[in-house]
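Data first, discussion second: the structure below is written as structure tokens.
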Amino acid sequence: MEKKNTENVGEIVTKQKRPGKSAQMQPQTNPGDNAKYIRHSLRVAKLDKVDLSDSQAVEDRMYEYFTICEEDDMKPSVAGLALAFDIDRRRLWEIREGKTGKNPAVSETLKKAMKLLDLQMVDYMQNGKINPVSGIFLMKNNFGYADKQEIVVTPNNPLGEVGDIKQIEERYRDSVPIDTDGFDIDE
């Protein structure tokens, strides 16, 4: 009787699939999703070139990109914003940080765009609208988030509180050997 139960348990264990993956961690694409993503990307890619030294043109393009995302019901992204400007995301970062380009107003506009994207990511994460692993990756790589703990190290001074030199001399006077016979103590 026991042997039969053991065999049944073995069958049950081998038939079970990988446990513990939540639905949120599973890729969830529905028919038509890929077409929707491609149409959105192509729409952004077809935008006319923008003069990246013209702050008004940059601001208009930023709003246009977010409007397209709204109309297409798509999440905005750093990669999408870079595509809207027809530049690489690293170049977007360089302009935003003022490392290239001469117009500080353009840098400020791109900083504002990144703040909007950052807020969107926070909202998605807080409301369970994005895979947590993807969200963490994107927030660390695009918005400077980091996993870190602050540790404050307080030095331990074996002499106690450092105060007046005379007080320290008085405290340790008797513990220091005194050479009374004219020989070096270290010899």
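Bear in mind these aren't lab numbers, they're just calculated from the coordinates by the rules spelled out. None of the values given here were measured: they were computed from a predicted structure. Methodologically, a virtual Cβ is constructed for each residue, glycine included, from the backbone with ideal geometry; neighbour enumeration extends over all protein chains shown.
The table that follows gives values for the structure above.
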quantity	calculated
Debye intensity ratio in log₁₀ form over the Cα atoms of the stretch 66-152, taken at each q of 0.12 Å⁻¹	-0.41
Most to least packed among 28-37, 64-73 [average Cβ atoms within 10 Å]	64-73, 28-37
Unsatisfied cross-links (Cα-Cα over 25 Å) in the set 99/129; 99/148; 111/140	99/129; 99/148
Computed P(r) (all Cα pairs; the stretch 31-106; 5 Å bins; percent)	3, 16, 26, 25, 15, 8, 4, 2, 1, 0
